[in-house]
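Colleague: Before I ask anything, here is the structure I am working with.
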Ligand SMILES: Cc1cc2nc3c(=O)[nH]c(=O)nc-3n(C[C@H](O)[C@H](O)[C@H](O)COP(=O)(O)OP(=O)(O)OC[C@H]3O[C@@H](n4cnc5c(N)ncnc54)[C@H](O)[C@@H]3O)c2cc1C
Ligand code: SF4
Ligand code: SF4
């Protein structure tokens, strides 16, 4: 009789060895057997469990995404392109000093500061730089410290590993800043219904980031070397609207790298990703790439409100004067939906090319209406 694979063996065979691992960290710190090394997830010891949480929570193992969507969101809000939409605006932090320290409009940091100050969450997990390009999830308990970890780094952060780590004492509710794959892992944790798994009850908020890709550390390091940008001097990075370049910021210079060269550094797992707007978050935030004055729009975000929890937080931040919103131009939502649909079509084509069959969609299910809509047969 064929021996049944353990959950860890299945994770290795169907995710890690298939280059499908997004590096989200959801399988780390659940046990001592799996760790993050550089930007890779590594299995240190064997585990026999056949019902391991690592496999269940991984965003790259098969799950009923339709059921997850319908259990976490109002089905009347669901759109095929970008998931649930209760509201869609342009937003920015009212405090210009905060904006100066953040990636775009500072919406993410302003929302976290509001949620902590108002007691909706007791701590927040954000991404922080460890050494060089290596990031890790960081638990922030003092809202004043959130600004230190603002801005985007386009290498992966295994943020969910920090959520899995046992807290000291009763840490109360936690908010997590998550890329789309990380928001999916958290949604799987919320809906898995595993007896005795109480950690998820501490999840008070998920702020999602729009995400096109992350960069594989070694390849990105080589690119930085090529352009003579020392990692230690790298203070930020961004992709300005309509320019097809990645800008790398140091104190003394801005270096432009053509996007074709950046594309060669994209983590392989991201090519199979169908979510660009963090569809499983309470609120999702991205760059605002519209309008005539591109430079002005760099100081704004697009925000999608998805859940009641997300709507309540946005309303609170507006009432307190911490956030400003503008109606988004009519074309903005259509443009966002088109870009999101294009990512789904491309990723599904890549999945079929990898599996060599439209009947094997790796971690996705063929009967999901969203998959059906965008799968080109
Ligand atoms: C890998 C990546 C890809 C992205 N791709 C796009 C895109 O294609 N289109 C788009 O519109 N927007 C994209 N974004 C989002 C965008 O860069 C901004 O994060 C977003 O507009 C919010 O801006 P802000 O000023 O509110 O953020 P801030 O207030 O500066 O807060 C940013 C938050 O992101 C966290 N963070 C930084 N790096 C990471 C990381 N690697 N993983 C997880 N969390 C992180 C920080 O800890 C901080 O909490 C991407 C972000 C990342 C991290
Ligand atoms: S995608 Fe996330 S949960 Fe899955 S193997 Fe990679 S790090 Fe672990
Ligand atoms: S593109 Fe998808 S898989 Fe890659 S980091 Fe972003 S959300 Fe995760």
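Colleague: Let me spell it out: the conditions are (1) more than 28 Å from residue 155 (Cα to Cα); (2) over 20 Å from the mean Cα position of the chain (by Cα); (3) touching a residue at least 12 places away in the same chain (Cβ under 8 Å), and residue 64 meets all of them except one. Which number is the exception?
Modeller: Only one criterion in (1) more than 28 Å from residue 155 (Cα to Cα); (2) over 20 Å from the mean Cα position of the chain (by Cα); (3) touching a residue at least 12 places away in the same chain (Cβ under 8 Å) is unmet by residue 64, namely (2).
Colleague: Looking at (1) more than 14 Å from the chain's Cα centre (by Cα); (2) over 17 Å from residue 58 (Cβ atoms); (3) more than 9 Å from ligand 1 (Cβ to nearest atom), which is the one condition that is false for residue 190?
Modeller: Only one criterion is unmet by residue 190, namely (2).
Colleague: Among the numbered criteria (1) over 24 Å from residue 335 (Cβ atoms); (2) in contact with a helix residue (DSSP H, G or I) (Cβ under 9 Å, 6 or more places away or on another chain); (3) within 16 Å of ligand 3 (Cβ to nearest atom), which single criterion is violated by residue 268?
Modeller: All conditions are met except number (2).
Colleague: While we're looking at this one, here's another question. Given the criterion closer than 20 Å to residue 305 by Cα and either outside the structural domain of residue 206 (by TED's automatic domain parsing) or surrounded by fewer than 17 Cβ atoms within 10 Å (Cβ to Cβ) (or both), identify the matching residue among 141, 118.
Modeller: Just one listed residue meets the conditions, 118.
Colleague: Still on this structure, I have one more. Among the residues of segment 151-177, count how many are farther than 15 Å from residue 28 by Cβ and either in contact (Cβ under 8 Å) with a residue 60 or more places away in the chain or crowded, with 21+ Cβ neighbours inside 10 Å (or both).
Modeller: Total meeting the criteria: 8.
Colleague: Hey, can you tell me all the residues within segment 4-27 that are more than 16 Å from ligand 1 (Cβ to nearest atom), at pLDDT 95 or above and not in a helix (DSSP H, G or I)?
Modeller: Correct list: 5, 6, 17, 18, 19, 20, 27.
Colleague: Being within 16 Å of ligand 2 (Cβ to nearest atom), in contact with a strand residue (DSSP E or B) (Cβ under 6 Å, 6 or more places away or on another chain) and more than 15 Å from residue 310 (Cβ to Cβ) is the filter here, so list the residues in segment 201-213 that pass it.
Modeller: Answer for segment 201-213, where residues must be within 16 Å of ligand 2 (Cβ to nearest atom), in contact with a strand residue (DSSP E or B) (Cβ under 6 Å, 6 or more places away or on another chain) and more than 15 Å from residue 310 (Cβ to Cβ): just 213.
Colleague: Applying the selection to segment 190-209, what residues are in contact with a helix residue (DSSP H, G or I) (Cβ under 8 Å, 6 or more places away or on another chain) and in a loop (DSSP other than H, G, I, E, B)?
Modeller: 192, 194, 197
Colleague: Could you pull out every one of the helices (runs of 4 or more DSSP H) wholly within segment 280-369 that has 3 or more residues that are crowded, with 17+ Cβ neighbours inside 10 Å and within 21 Å of the chain's Cα centre (by Cα)?
Modeller: Result: 308-319, 330-355.
Colleague: Follow-up. Residue by residue through segment 11-21, note down the ones that are crowded, with 18+ Cβ neighbours inside 10 Å and out of contact with any strand residue (DSSP E or B) (no Cβ under 9 Å at 6 or more places or on another chain).
Modeller: 14, 20
Colleague: Among (1) in a helix (DSSP H, G or I); (2) away from ligand 3 (no atom under 16 Å from the Cβ); (3) modelled with pLDDT of 95 or more, there is one condition residue 219 misses while meeting the rest; what is its number?
Modeller: If we test residue 219 against (1) in a helix (DSSP H, G or I); (2) away from ligand 3 (no atom under 16 Å from the Cβ); (3) modelled with pLDDT of 95 or more, just (2) comes out false.
The values are calculated or read from the model by the stated rules, or taken from the named source; none is laboratory data. None of these values were measured; they are calculated from a predicted model. Cβ: placed from backbone, ideal geometry, glycine included. Neighbour counts: every protein chain shown.
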